[in-house]
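The values are calculated or read from the model by the stated rules, or taken from the named source; none is laboratory data. Note that the structure is a prediction, hence the values are computed from the model and not measured. Ideal geometry is used to build each Cβ from the backbone, glycine not excepted, and the neighbour counts take in all protein chains shown. Note: areas computed on protein heavy atoms with side chains; ligands, DNA, RNA excluded. Shrake-Rupley method; radii C 1.70, N 1.55, O 1.52, S 1.80 Å.
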Amino acid sequence: AIHPAEINLVKHYLSTVCPGDVYEKFGFEEFFKLKMVRKTHHICRDPDNADITLALRCLTCLTEQRTSKTEKLHGYAKSFLHGHLEATDLSLADRNLKTEVGVLLEKLFADEYASDSLLQLLWEGGTSPETSPFLSAETPLSWKRWVFSDSGVNVIDKWLKDSAVIEKIRDAGWVKRFLSAESDRHKIVFEVACRRAASRLFREESIK
């Protein structure tokens, strides 16, 4: 790679030995600019923010209305969101990213569509009934992490204790109840999801 210091050295030499009009005629400035442009792809490693960035991608997929393209990420998002949240070192992660995650976490558990996306409570049109956790013999990975263990609420507890994470959601109902809870944190986190599941089971013709 050509370094700026090397460019400056050559420019200094040429500007010293060449008259100004000759220097301009050969277009050296444009030549040097071209030499400083990257000609290959580079991968930026950011280990401090790797997992939080992936957690944001998963949360975005789960909370926003999916397109045909983002639908392909749904399986990964609902299965591995927990892992990326758990693996994030909040003491090293970027503060702005933590605040973004906080906003989407609140939406994940307060919005019916987002809750369905994470837990896939019942299948909808275009999805096979076998993928419903109520009918499938295999428990979805998201249920193992969030429903059938304390792993999910423990990772939420970890995140909500960070001031940057709750910067914009500290007044959200379930967040305040969770932070002051002395009993069933599962009930607080999954209140919206449970009501939605009950409504779909007993009030809607979701299962034929």
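Observations
- Per-residue packing, averaged as other Cβ atoms within 10 Å, sorts the ranges 67-79, 16-28 into the order 67-79, 16-28, beginning with the highest.
- Karplus (6.51, -1.76, 1.60) ³J(HN,Hα), θ = phi - 60°, over region 8-20, in Hz, Gly and Pro reported as x: 4, 5, 5, 4, 4, 5, 5, 5, 7, 8, 9, x, x
- Vicinal HN-Hα couplings computed from phi for region 147-164 (Karplus, 6.51 cos²θ - 1.76 cosθ + 1.60; Hz; Gly/Pro x): 9, 9, 8, 8, 4, x, 5, 5, 6, 5, 4, 4, 6, 6, 7, 8, 4, 5
- A simple rule links phi to the HN-Hα coupling: the Karplus curve 6.51 cos²θ - 1.76 cosθ + 1.60 with θ = phi - 60°, which for region 97-102 gives 5, 5, 5, 4, 4, x Hz, with x for Gly and Pro.
- Between L201 and K72, the contour length at 0.36 nm per residue exceeds the Cα-Cα span by 43.8 nm.
- Hits among lysines - C-alpha to C-alpha of K168 under 19 Å, sequence gap 8 or more where chains match: K98, K107, K158, K176
- Across the accessible surface of region 1-96, with the other protein chains kept in place and a 1.4 Å probe, carbon and sulfur atoms take up 59 percent.
- Given their separation in residues at 0.36 nm each and the Cα-Cα distance between them, Y113 and V10 gain 31.0 nm when the chain is fully extended.
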